[in-house]
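Heads up: the structure comes next, in C-alpha cells.
The values are calculated or read from the model by the stated rules, or taken from the named source; none is laboratory data. As the structure is a computational prediction, the values presented were derived from the model and not from experiment. All Cβ positions, glycine included, derive from the backbone under ideal geometry; neighbour counts span all protein chains shown. Keep in mind that these areas ignore ligands, DNA and RNA; they rest on the heavy atoms of the full protein, side chains included. Shrake-Rupley method; radii C 1.70, N 1.55, O 1.52, S 1.80 Å.
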Amino acid sequence: TQLLEQSPQFLSIQEGENLTVYCNSSSVFSSLQWYRQEPGEGPVLLVTVVTGGEVKKLKRLTFQFGDARKDSSLHITAAQPGDTGLYLCAAQGGSEKLVFGKGTKLTVNP
Amino acid sequence: NAGVTQTPKFQVLKTGQSMTLQCAQDMNHNSMYWYRQDPGMGLRLIYYSASEGTTDKGEVPNGYNVSRLNKREFSLRLESAAPSQTSVYFCASERVWSTDTQYFGPGTRLTVL
C-alpha cells in the first residue's frame with residue numbers, strides 16, 4: 001500500500017498569516033491531487049499536478065509537485081477564515097487507485 | 001444538476017442490524033466509489049465500480065457488499081452492522097476510471113451502537 005504522509009496534522013493560525021502544508025511519500029506517483037473538505041461536506045478537488053517540478057496557483061494558494069514526483073506542498077498566502085477546512089492530498093501510483101493522506105486540519109482565526 | 005447524492009444523511013443502527021446506503025450521480029460518469037472516513041485515518045476505499053457491471057474490493061471491504069444497480073446508482077450494504085463500522089461514508093464518481101476528477105457526495109454519518 002502506498003502511503004501519503006501529511007504534515008502538520010493540525011494547524012491553527014491567525015488571519016493574514018502564511019502557511020505551508022506538506023504531502024510526502026517514498027513512492028513515485030503519476031499524479032497528485034489536493035482536495036479541501038469543509039465540515040459536513042465531501043472533499044472538493046482544488047488542483048491536480050502531473051509533472052515533476054510543476055507549480056500551480058489558485059488565487060492565494062500555490063501548489064508544487066516535487067521534482068521526483070514523490071512529494072507536494074500547498075502554500076497559502078494571507079490566510080482567511082474561509083480557508084478553514086481539512087486539506088487532503090491524494091495520489092495515483094502503480095495500482096491506479098487513488099490513495100488519500102490523512103489530511104491537515106487548518107483553522108484560521110479572525 | 002445535483003451531482004452526487006447520498007441517502008440517508010444520518011443513521012443510527014444497533015449491532016447486528018442491516019442497512020443499505022444509497023448513492024446516485026447524474027453526471028453520466030462511468031466509475032463510482034465508496035469510502036469511509038474516520039478521525040485520523042483519512043479516506044479509505046471500501047469498494048469501487050470502474051464501469052457499469054463491474055465491482056471490486058478496495059482497501060477495507062470486510063463487512064460490506066455493493067451493487068452497481070445501473071450507471072447512475074451504486075449502493076453499499078452492511079449486512080450485520082458492528083460498532084467498528086461507525087464512520088462517515090462518502091460516495092464518489094469519476095468520468096473515466098483513474099484518469100479524472102472524483103466528485104464526492106455530502107456523506108452519510110453512521111453510528112452503530
| task | Tell me the trypsin sites (Lys or Arg not before Pro) within the range B:1-73 that lie in a loop according to DSSP and have at most 13 other beta-carbon atoms within 10 Å. | result | B:K9, B:K14
| query | Once phi is turned into ³J(HN,Hα) by the Karplus curve 6.51 cos²θ - 1.76 cosθ + 1.60 with θ = phi - 60°, what whole-Hz value does each residue of the range B:16-25 show in order, with x for glycine and proline? | reply | x, 6, 10, 6, 10, 9, 9, 9, 9, 10
| message | For the range B:55-96, what does the accessible surface come to per residue with a 1.4 Å probe? Please give it in Å². | response | 46 Å²
| note | Residues of the range A:31-45 with backbone N under 15 Å of the label point set 7 Å from the Cα of B:F10 along Cα→Cβ are A:40-41
| remark: Sorted by chain and number, the residues with a modelled amide H under 5 Å from that of A:E15, at a separation of 5 or more or across chains, are A:N109
| note | Ranked by GNM mean-square fluctuation in chain B (Cα springs under 10 Å), the top entry among B:S75, B:S93, B:S18 is B:S18
| request: Report the label-to-label distance for B:L113 and B:E73 in nanometres (one decimal), using points 7 Å from each Cα along the Cα→Cβ vector. | output: 3.0 nm
| task | State, to one decimal in nm, how far the label point of B:M41 lies from the label point of A:T51, with both points 7 Å from Cα in the Cβ direction. | result | 3.9 nm
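Calculate how many DSSP beta bridges within the protein assembly as shown are antiparallel, expressed in % of all such bridges and rounded to the nearest 5. Mind showing how you got there, number by number?
On the way: 71 of 80 bridges.
Counting DSSP beta bridges with both partners in the protein assembly as shown, the antiparallel share is about 90 percent.
What is the range B:34-113 by shape, rounded, prolate or oblate, if you read a ≥ b ≥ c off the alpha carbon gyration tensor as root eigenvalues and call it rounded for a/c under 1.5, prolate for a/b larger than b/c, and oblate otherwise?
prolate
How much of the DSSP beta bridge set in chain B is antiparallel, as a percent to the nearest 5? Each step should come with its number before you reach the end.
On the way: 35 of 39 bridges.
Approximately 90 percent, going by the DSSP bridge assignments.
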| Accessible surface of A:L58 - all protein chains present, 1.4 Å probe, nearest 10 Å² | 80 Å²
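In this model, which of A:K70/B:K71; A:K59/A:K105; A:K56/A:K97; A:K56/B:K71 are farther than 29 Å apart at the alpha-carbon? Walk me through the intermediate numbers first.
On the way: A:K70/B:K71 34 Å; A:K59/A:K105 20 Å; A:K56/A:K97 23 Å; A:K56/B:K71 34 Å.
Beyond 29 Å between Cα atoms: A:K70/B:K71; A:K56/B:K71.
By the gyration tensor of its Cα atoms, with a ≥ b ≥ c the square roots of the eigenvalues, what is the shape of the range A:1-109: rounded for a/c under 1.5, prolate for a/b over b/c, or oblate?
On the way: a/c = 1.99, a/b = 1.57, b/c = 1.27.
In terms of gyration-tensor shape, prolate.
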| message | Taking each residue in B:26-35, count the Cβ atoms of any other chain within 10 Å of its Cβ, then average. What number comes out? | response | 1
| message | I'd like the antiparallel share, as a percent to the nearest 5, of DSSP beta bridges with both residues in chain A. | response | 90 percent
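When you look at the Cβ of every residue in B:40-47, what mean number of other chain Cβ atoms sits within 10 Å? Present the calculation step by step, with values, prior to reporting the outcome.
Values: counts 3, 3, 11, 12, 2, 4, 0, 0.
The mean count of partner-chain Cβ atoms within 10 Å per residue comes to 4.
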| query | Within straight cross-link reach of B:K9, meaning Cα distance under 20 Å, which aspartates and glutamates are found once same-chain residues fewer than 8 apart are removed? | reply | A:E38, A:E41, B:D26, B:D38, B:E73, B:E79
| Which shape class applies to the protein assembly as shown: rounded if a/c is under 1.5, otherwise prolate when a/b exceeds b/c and oblate if not, where a ≥ b ≥ c are the square roots of the Cα gyration tensor eigenvalues? | prolate
| task | Take peptide A:74-86, look around each residue's Cβ out to 10 angstrom, count Cβ atoms belonging to other protein chains, and average those counts. | result | 0
| request: Quick one: accessible surface of B:V4, probe radius 1.4 Å, all protein chains present, in square angstrom to the nearest 10. | output: 10 Å²
